[in-house]
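S.K.: Here's a structure for you.
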Amino acid sequence: MPEQPLPGEPPADPSGSDGTLESRVARLESVEEIRQLVARYALALDGRDVATLVSLFVPDVEVHDGRTGREALAEWFDPVLRPYRTTFHLLGNHVIDFVDDDHARGALYCRPEHEVDDLWIVMPLVYDDRYERRDGHWYFKSRRPHAFYAADVRESPLEVEGRFHFPGNPFMTRATMPERFPTWETFWA
Amino acid sequence: MTLAERIDRLDAYRQIRELAARYGRDLDARDMDGLLDLYVPEVRDTLREALVLPLRRVHITVLHVGTHVIDFQDADNATGSVYCHGEIQNTEENWISQAIHYGDRYARRDGRWYFARARRHELFYGADHGVAPNGLPLADWPTHDTGTGTVPMRWESWQEFWGR
(Lines give C-alpha, C1' and ligand atoms only; values in the text may rest on other atoms or scores of the structure.)
Protein backbone atom coordinates (compact mmCIF):
# COMPACT_ATOMS: atom_id res chain seq x y z
CA MET A 1 0.00 0.00 0.00
CA PRO A 2 1.39 3.41 -0.91
CA GLU A 3 2.31 5.73 1.93
CA GLN A 4 -0.36 8.42 2.08
CA PRO A 5 -0.69 11.58 4.12
CA LEU A 6 -3.10 11.71 7.04
CA PRO A 7 -6.40 13.37 6.35
CA GLY A 8 -5.83 17.09 6.47
CA GLU A 9 -7.91 18.86 3.89
CA PRO A 10 -11.65 19.38 4.37
CA PRO A 11 -13.94 16.49 3.39
CA ALA A 12 -14.57 16.39 -0.31
CA ASP A 13 -18.15 15.23 0.15
CA PRO A 14 -19.52 16.21 3.56
CA SER A 15 -23.15 15.14 3.53
CA GLY A 16 -24.18 12.75 0.77
CA SER A 17 -23.85 13.15 -2.95
CA ASP A 18 -27.15 14.64 -4.02
CA GLY A 19 -28.53 16.13 -0.81
CA THR A 20 -31.79 14.15 -0.92
CA LEU A 21 -33.24 12.71 2.27
CA GLU A 22 -32.34 9.24 0.98
CA SER A 23 -28.69 10.10 0.46
CA ARG A 24 -28.45 11.96 3.78
CA VAL A 25 -29.81 8.95 5.67
CA ALA A 26 -27.49 6.68 3.69
CA ARG A 27 -24.55 8.86 4.76
CA LEU A 28 -25.53 8.54 8.44
CA GLU A 29 -25.74 4.77 7.97
CA SER A 30 -22.29 4.78 6.41
CA VAL A 31 -20.86 6.63 9.41
CA GLU A 32 -22.41 4.12 11.82
CA GLU A 33 -21.12 1.18 9.83
CA ILE A 34 -17.61 2.61 9.72
CA ARG A 35 -17.68 3.21 13.47
CA GLN A 36 -18.72 -0.42 13.95
CA LEU A 37 -16.01 -1.55 11.55
CA VAL A 38 -13.21 -0.03 13.61
CA ALA A 39 -14.67 -1.31 16.90
CA ARG A 40 -14.96 -4.83 15.49
CA TYR A 41 -11.33 -4.68 14.41
CA ALA A 42 -10.25 -3.86 17.97
CA LEU A 43 -12.32 -6.68 19.49
CA ALA A 44 -11.19 -9.20 16.86
CA LEU A 45 -7.54 -8.25 17.30
CA ASP A 46 -7.68 -8.51 21.10
CA GLY A 47 -9.54 -11.84 20.75
CA ARG A 48 -7.01 -13.04 18.13
CA ASP A 49 -10.00 -13.75 15.91
CA VAL A 50 -8.09 -13.63 12.63
CA ALA A 51 -11.04 -14.86 10.53
CA THR A 52 -13.18 -11.94 11.68
CA LEU A 53 -10.27 -9.55 11.40
CA VAL A 54 -9.65 -10.26 7.71
CA SER A 55 -13.40 -10.27 6.92
CA LEU A 56 -13.37 -6.54 7.76
CA PHE A 57 -11.14 -5.81 4.75
CA VAL A 58 -12.13 -5.64 1.07
CA PRO A 59 -11.77 -9.09 -0.52
CA ASP A 60 -8.95 -7.86 -2.76
CA VAL A 61 -7.05 -6.19 0.09
CA GLU A 62 -3.43 -5.38 -0.66
CA VAL A 63 -1.32 -7.02 2.03
CA HIS A 64 1.78 -5.32 3.47
CA ASP A 65 3.99 -8.06 1.95
CA GLY A 66 2.76 -7.29 -1.57
CA ARG A 67 0.26 -10.13 -1.84
CA THR A 68 -3.50 -9.73 -2.32
CA GLY A 69 -6.61 -11.09 -0.62
CA ARG A 70 -7.96 -12.03 2.79
CA GLU A 71 -6.23 -15.41 2.94
CA ALA A 72 -2.86 -13.76 2.38
CA LEU A 73 -3.77 -11.12 4.95
CA ALA A 74 -4.61 -13.83 7.51
CA GLU A 75 -1.20 -15.44 6.90
CA TRP A 76 0.46 -12.05 7.31
CA PHE A 77 -1.44 -11.33 10.56
CA ASP A 78 -0.50 -14.59 12.27
CA PRO A 79 3.16 -13.85 13.07
CA VAL A 80 2.38 -10.18 13.66
CA LEU A 81 -0.07 -11.09 16.44
CA ARG A 82 2.15 -13.54 18.31
CA PRO A 83 4.98 -11.48 19.86
CA TYR A 84 2.60 -10.28 22.59
CA ARG A 85 -0.08 -11.94 24.70
CA THR A 86 -2.87 -9.82 26.19
CA THR A 87 -3.70 -6.70 24.20
CA PHE A 88 -6.31 -4.01 24.92
CA HIS A 89 -7.24 -1.64 22.08
CA LEU A 90 -9.12 1.27 23.59
CA LEU A 91 -10.47 3.44 20.79
CA GLY A 92 -11.13 7.17 20.99
CA ASN A 93 -11.32 10.12 18.60
CA HIS A 94 -12.48 9.21 15.12
CA VAL A 95 -12.50 11.65 12.21
CA ILE A 96 -14.26 10.32 9.10
CA ASP A 97 -14.02 12.20 5.80
CA PHE A 98 -16.03 11.06 2.81
CA VAL A 99 -14.46 11.27 -0.62
CA ASP A 100 -17.72 10.14 -2.26
CA ASP A 101 -20.62 7.82 -1.36
CA ASP A 102 -18.41 4.72 -1.49
CA HIS A 103 -15.02 5.97 -0.26
CA ALA A 104 -13.92 7.52 2.98
CA ARG A 105 -10.76 8.25 4.92
CA GLY A 106 -10.37 7.99 8.65
CA ALA A 107 -8.07 9.17 11.40
CA LEU A 108 -8.72 7.06 14.47
CA TYR A 109 -6.91 7.43 17.79
CA CYS A 110 -6.22 4.27 19.76
CA ARG A 111 -4.38 3.64 23.01
CA PRO A 112 -3.44 -0.02 22.85
CA GLU A 113 -1.65 -1.87 25.64
CA HIS A 114 0.43 -5.00 25.01
CA GLU A 115 1.82 -7.67 27.31
CA VAL A 116 5.33 -8.34 25.98
CA ASP A 117 7.05 -10.88 28.26
CA ASP A 118 7.59 -8.90 31.47
CA LEU A 119 6.86 -5.54 29.84
CA TRP A 120 3.48 -3.80 29.54
CA ILE A 121 3.79 -1.62 26.47
CA VAL A 122 1.48 1.33 25.85
CA MET A 123 1.55 2.62 22.26
CA PRO A 124 -0.80 5.57 21.56
CA LEU A 125 -1.34 5.75 17.82
CA VAL A 126 -3.42 7.09 14.97
CA TYR A 127 -4.76 4.71 12.37
CA ASP A 128 -4.64 6.19 8.89
CA ASP A 129 -7.62 4.39 7.36
CA ARG A 130 -9.18 4.04 3.94
CA TYR A 131 -12.73 2.68 3.89
CA GLU A 132 -14.61 1.45 0.86
CA ARG A 133 -18.21 0.39 0.33
CA ARG A 134 -18.72 -2.81 -1.63
CA ASP A 135 -22.19 -4.27 -2.28
CA GLY A 136 -23.71 -1.97 0.30
CA HIS A 137 -21.24 -2.65 3.12
CA TRP A 138 -18.15 -0.84 4.38
CA TYR A 139 -14.72 -2.44 4.63
CA PHE A 140 -11.14 -1.41 5.25
CA LYS A 141 -9.38 -0.71 1.99
CA SER A 142 -6.20 -0.11 3.96
CA ARG A 143 -5.14 0.63 7.50
CA ARG A 144 -1.81 2.01 8.67
CA PRO A 145 -1.02 2.63 12.33
CA HIS A 146 1.35 5.49 13.22
CA ALA A 147 2.60 5.60 16.81
CA PHE A 148 3.19 8.65 19.01
CA TYR A 149 5.36 6.47 21.24
CA ALA A 150 5.75 2.99 22.66
CA ALA A 151 6.88 2.57 26.25
CA ASP A 152 6.39 0.32 29.25
CA VAL A 153 3.86 1.66 31.78
CA ARG A 154 6.78 2.27 34.16
CA GLU A 155 8.78 4.29 31.62
CA SER A 156 8.54 7.88 30.47
CA PRO A 157 8.28 7.97 26.66
CA LEU A 158 11.13 10.49 26.75
CA GLU A 159 13.42 8.01 28.51
CA VAL A 160 13.34 5.45 25.71
CA GLU A 161 15.33 5.78 22.51
CA GLY A 162 13.35 7.36 19.71
CA ARG A 163 10.27 7.32 21.97
CA PHE A 164 9.90 3.68 20.93
CA HIS A 165 10.42 0.64 23.16
CA PHE A 166 8.61 -2.39 21.77
CA PRO A 167 10.98 -5.35 21.52
CA GLY A 168 10.15 -8.06 18.99
CA ASN A 169 7.40 -6.20 17.15
CA PRO A 170 7.80 -7.20 13.49
CA PHE A 171 5.43 -4.52 12.17
CA MET A 172 5.71 -1.40 14.30
CA THR A 173 9.30 -0.28 14.67
CA ARG A 174 9.34 3.45 15.31
CA ALA A 175 7.39 6.48 16.52
CA THR A 176 6.44 8.80 13.66
CA MET A 177 3.77 10.98 15.25
CA PRO A 178 3.17 13.91 15.58
CA GLU A 179 6.02 14.70 13.18
CA ARG A 180 4.06 12.93 10.44
CA PHE A 181 1.37 15.60 10.49
CA PRO A 182 2.49 17.98 7.68
CA THR A 183 1.26 20.93 9.75
CA TRP A 184 3.48 19.95 12.67
CA GLU A 185 6.62 20.58 10.66
CA THR A 186 5.20 23.77 9.14
CA PHE A 187 4.33 25.13 12.58
CA TRP A 188 7.83 24.66 13.95
CA ALA A 189 9.63 25.79 10.79
CA MET B 1 -36.00 -1.51 5.45
CA THR B 2 -38.25 1.51 4.99
CA LEU B 3 -36.82 4.98 5.48
CA ALA B 4 -38.56 5.18 8.89
CA GLU B 5 -37.03 1.83 9.94
CA ARG B 6 -33.59 2.98 8.83
CA ILE B 7 -33.83 6.19 10.86
CA ASP B 8 -35.08 4.09 13.75
CA ARG B 9 -31.93 1.97 13.56
CA LEU B 10 -29.70 5.03 13.48
CA ASP B 11 -31.48 6.33 16.58
CA ALA B 12 -30.95 2.93 18.20
CA TYR B 13 -27.18 3.15 17.61
CA ARG B 14 -27.14 6.61 19.14
CA GLN B 15 -29.16 5.62 22.19
CA ILE B 16 -27.16 2.44 22.83
CA ARG B 17 -23.85 4.29 22.53
CA GLU B 18 -25.21 6.83 24.99
CA LEU B 19 -26.21 4.09 27.43
CA ALA B 20 -22.54 3.19 27.82
CA ALA B 21 -21.55 6.84 28.22
CA ARG B 22 -24.36 7.59 30.68
CA TYR B 23 -23.43 4.52 32.73
CA GLY B 24 -19.89 5.87 33.06
CA ARG B 25 -20.98 9.36 34.02
CA ASP B 26 -23.72 8.24 36.44
CA LEU B 27 -21.43 5.75 38.13
CA ASP B 28 -18.65 8.32 38.53
CA ALA B 29 -21.25 10.73 39.93
CA ARG B 30 -22.76 8.04 42.20
CA ASP B 31 -26.13 8.96 40.71
CA MET B 32 -27.75 5.67 41.63
CA ASP B 33 -31.21 6.70 40.43
CA GLY B 34 -29.77 7.80 37.09
CA LEU B 35 -27.82 4.56 36.85
CA LEU B 36 -30.83 2.35 37.59
CA ASP B 37 -32.92 4.32 35.12
CA LEU B 38 -30.65 2.94 32.36
CA TYR B 39 -32.00 -0.57 32.98
CA VAL B 40 -35.35 -2.10 32.00
CA PRO B 41 -37.77 -1.49 34.89
CA GLU B 42 -38.16 -5.13 35.94
CA VAL B 43 -34.50 -5.61 36.91
CA ARG B 44 -34.01 -2.35 38.84
CA ASP B 45 -35.02 -3.58 42.28
CA THR B 46 -32.73 -6.58 42.25
CA LEU B 47 -29.89 -4.58 40.73
CA ARG B 48 -29.76 -1.70 43.19
CA GLU B 49 -27.91 -3.66 45.86
CA ALA B 50 -25.57 -5.33 43.35
CA LEU B 51 -24.62 -1.95 41.90
CA VAL B 52 -24.11 -0.27 45.26
CA LEU B 53 -21.97 -2.94 46.93
CA PRO B 54 -18.76 -2.70 44.83
CA LEU B 55 -19.06 1.10 45.03
CA ARG B 56 -18.87 1.10 48.82
CA ARG B 57 -15.21 0.16 48.83
CA VAL B 58 -14.05 2.61 46.17
CA HIS B 59 -13.92 6.38 46.21
CA ILE B 60 -13.11 8.41 43.09
CA THR B 61 -13.76 6.58 39.82
CA VAL B 62 -13.02 7.77 36.29
CA LEU B 63 -14.61 5.57 33.64
CA HIS B 64 -13.31 6.30 30.16
CA VAL B 65 -15.50 4.39 27.70
CA GLY B 66 -14.00 3.48 24.33
CA THR B 67 -14.45 0.65 21.85
CA HIS B 68 -18.13 -0.31 21.44
CA VAL B 69 -19.43 -3.09 19.18
CA ILE B 70 -23.22 -3.27 18.76
CA ASP B 71 -25.12 -6.20 17.17
CA PHE B 72 -28.85 -6.07 16.55
CA GLN B 73 -30.93 -9.24 16.89
CA ASP B 74 -34.10 -7.45 15.80
CA ALA B 75 -35.66 -3.99 16.00
CA ASP B 76 -35.99 -4.19 19.81
CA ASN B 77 -33.04 -6.30 20.95
CA ALA B 78 -29.27 -5.94 20.68
CA THR B 79 -26.06 -7.12 22.29
CA GLY B 80 -22.83 -5.25 22.76
CA SER B 81 -19.20 -5.32 23.81
CA VAL B 82 -17.82 -2.21 25.51
CA TYR B 83 -14.26 -1.42 26.54
CA CYS B 84 -13.60 0.91 29.41
CA HIS B 85 -10.41 2.17 31.00
CA GLY B 86 -11.17 2.84 34.63
CA GLU B 87 -9.11 4.79 37.12
CA ILE B 88 -10.19 4.01 40.64
CA GLN B 89 -9.24 5.22 44.09
CA ASN B 90 -9.95 2.01 45.99
CA THR B 91 -8.58 3.04 49.38
CA GLU B 92 -7.22 6.30 50.72
CA GLU B 93 -3.80 5.43 49.26
CA ASN B 94 -4.37 3.23 46.24
CA TRP B 95 -4.95 4.57 42.75
CA ILE B 96 -5.59 1.73 40.38
CA SER B 97 -6.06 1.22 36.69
CA GLN B 98 -8.50 -1.27 35.20
CA ALA B 99 -9.06 -2.44 31.65
CA ILE B 100 -12.69 -3.56 31.58
CA HIS B 101 -14.89 -5.44 29.11
CA TYR B 102 -18.66 -5.17 29.51
CA GLY B 103 -20.85 -7.79 27.85
CA ASP B 104 -24.22 -6.11 27.36
CA ARG B 105 -27.78 -6.86 26.34
CA TYR B 106 -29.99 -3.98 25.25
CA ALA B 107 -33.76 -3.84 24.84
CA ARG B 108 -36.12 -1.20 23.50
CA ARG B 109 -39.31 -0.35 25.38
CA ASP B 110 -41.71 2.33 24.10
CA GLY B 111 -39.03 3.81 21.86
CA ARG B 112 -36.29 3.94 24.50
CA TRP B 113 -33.28 1.66 24.77
CA TYR B 114 -32.16 0.18 28.09
CA PHE B 115 -29.70 -2.34 29.47
CA ALA B 116 -31.79 -5.53 29.48
CA ARG B 117 -29.89 -7.13 32.37
CA ALA B 118 -26.90 -6.57 34.65
CA ARG B 119 -23.81 -5.81 32.58
CA ARG B 120 -21.35 -8.68 32.51
CA HIS B 121 -18.25 -6.97 33.92
CA GLU B 122 -14.92 -8.65 33.17
CA LEU B 123 -11.39 -7.45 33.65
CA PHE B 124 -8.47 -7.66 31.29
CA TYR B 125 -6.55 -6.58 34.37
CA GLY B 126 -6.54 -4.29 37.36
CA ALA B 127 -3.22 -2.90 38.62
CA ASP B 128 -1.95 -0.32 41.06
CA HIS B 129 -0.79 2.92 39.49
CA GLY B 130 2.70 2.50 38.02
CA VAL B 131 2.59 -1.30 38.33
CA ALA B 132 2.79 -3.50 35.23
CA PRO B 133 -0.12 -5.97 35.14
CA ASN B 134 2.05 -8.87 33.90
CA GLY B 135 1.56 -12.10 35.80
CA LEU B 136 -0.58 -10.73 38.63
CA PRO B 137 -2.64 -13.26 40.60
CA LEU B 138 -6.24 -13.66 39.42
CA ALA B 139 -8.41 -10.72 40.43
CA ASP B 140 -11.60 -12.80 40.61
CA TRP B 141 -13.47 -9.49 40.40
CA PRO B 142 -15.41 -8.32 42.41
CA THR B 143 -13.37 -10.09 45.11
CA HIS B 144 -10.30 -7.99 44.20
CA ASP B 145 -9.98 -4.81 42.14
CA THR B 146 -6.46 -5.67 41.01
CA GLY B 147 -5.06 -8.77 39.35
CA THR B 148 -5.30 -10.70 36.11
CA GLY B 149 -8.79 -10.82 34.64
CA THR B 150 -10.76 -13.35 32.64
CA VAL B 151 -10.49 -11.83 29.16
CA PRO B 152 -9.14 -12.30 26.57
CA MET B 153 -8.18 -15.76 27.86
CA ARG B 154 -11.82 -16.86 28.16
CA TRP B 155 -12.61 -16.13 24.51
CA GLU B 156 -12.78 -19.14 22.19
CA SER B 157 -10.99 -17.33 19.36
CA TRP B 158 -8.09 -16.58 21.75
CA GLN B 159 -7.77 -20.22 22.79
CA GLU B 160 -8.05 -21.38 19.21
CA PHE B 161 -5.33 -18.94 18.03
CA TRP B 162 -2.80 -19.96 20.65
CA GLY B 163 -3.65 -23.64 20.26
CA ARG B 164 -2.57 -23.78 16.63
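The values are calculated or read from the model by the stated rules, or taken from the named source; none is laboratory data. In this text the structure is predicted, and so the values were computed from the model without any measurement. Using ideal geometry, Cβ is built from the backbone for each residue, glycine included, and neighbour counts are taken over all protein chains shown. Ligands, DNA and RNA are excluded from the accessible area calculation, which covers all protein heavy atoms including side chains. Shrake-Rupley method; radii C 1.70, N 1.55, O 1.52, S 1.80 Å.
S.K.: Could you count how many residues in segment A:135-156 are outside any loop (DSSP other than H, G, I, E, B) and among the hydroxyl-bearing types (S, T, Y)?
M.R.: Of the residues in segment A:135-156, 2 are outside any loop (DSSP other than H, G, I, E, B) and among the hydroxyl-bearing types (S, T, Y).
S.K.: What is the one condition in (1) in a loop (DSSP other than H, G, I, E, B); (2) at pLDDT below 95 that A:M172 does not satisfy?
M.R.: (2)
S.K.: Quick one: A:R180 ticks every box in (1) among the charged types (D, E, K, R); (2) open to solvent by 60 Å² or more (accessible area, probe 1.4 Å); (3) assigned to a loop (DSSP other than H, G, I, E, B) except a single one, so which number is it?
M.R.: (2)
S.K.: How many residues does segment A:14-25 contain that are open to solvent by 20 Å² or more (accessible area, probe 1.4 Å) and in contact (Cβ under 8 Å) with a residue 40 or more places away in the chain?
M.R.: 2
S.K.: Any idea which residue in segment B:124-148 is farthest from A:E115 (Cα to Cα), counting only those that are more than 9 Å from every other protein chain (Cβ to nearest Cβ) and open to solvent by less than 30 Å² (accessible area, probe 1.4 Å)?
M.R.: B:D145
S.K.: Regarding A:L73, is this residue within 14 Å of another protein chain (Cβ to nearest Cβ) and either open to solvent by 10 Å² or more (accessible area, probe 1.4 Å) or among the aliphatic types (A, V, I, L, M) (or both)?
M.R.: no
S.K.: Quick test of your reading of the structure: B:L55 fulfils all but one of (1) more than 30 Å from A:Y41 (Cβ to Cβ); (2) touching a strand residue (DSSP E or B) at 6+ places or on another chain (Cβ under 9 Å); (3) open to solvent by 50 Å² or more (accessible area, probe 1.4 Å). Name the failing condition by number.
M.R.: (3) is the only condition that B:L55 fails.
S.K.: Looking for whichever is under 18 Å from A:H64 (Cβ atoms) and open to solvent by less than 50 Å² (accessible area, probe 1.4 Å) here; the options are A:F166, A:F171, A:F148. Which one fits?
M.R.: Going through A:F166, A:F171, A:F148 in turn, just one is under 18 Å from A:H64 (Cβ atoms) and open to solvent by less than 50 Å² (accessible area, probe 1.4 Å): A:F166.
S.K.: Let me ask something additional. For segment A:30-70: of the residues being surrounded by fewer than 16 Cβ atoms within 10 Å (Cβ to Cβ) and either facing another protein chain (nearest Cβ under 10 Å) or of a type in the set (D, E) (or both), which is nearest to the chain's Cα centre (by Cα)?
M.R.: By that ranking, first place goes to A:T52.
S.K.: Can you tell me which condition B:R22 does not meet? The list is (1) surrounded by fewer than 17 Cβ atoms within 10 Å (Cβ to Cβ); (2) more than 14 Å from chain A (Cβ to nearest Cβ); (3) among the charged types (D, E, K, R), and all the others hold.
M.R.: Every condition holds for B:R22 apart from (1).
S.K.: Which residue out of A:E132, A:E115 is in contact (Cβ under 8 Å) with a residue 12 or more places away in the chain, within 14 Å of another protein chain (Cβ to nearest Cβ) and assigned to a strand (DSSP E or B)?
M.R.: A:E115
S.K.: Right, another one. Tell me the strands (runs of 3 or more DSSP E) entirely within segment B:9-126 that contain at least 1 residues that are polar (S, T, N, Q) and within 17 Å of the chain's Cα centre (by Cα).
M.R.: Result: B:61-74, B:77-89, B:95-109.
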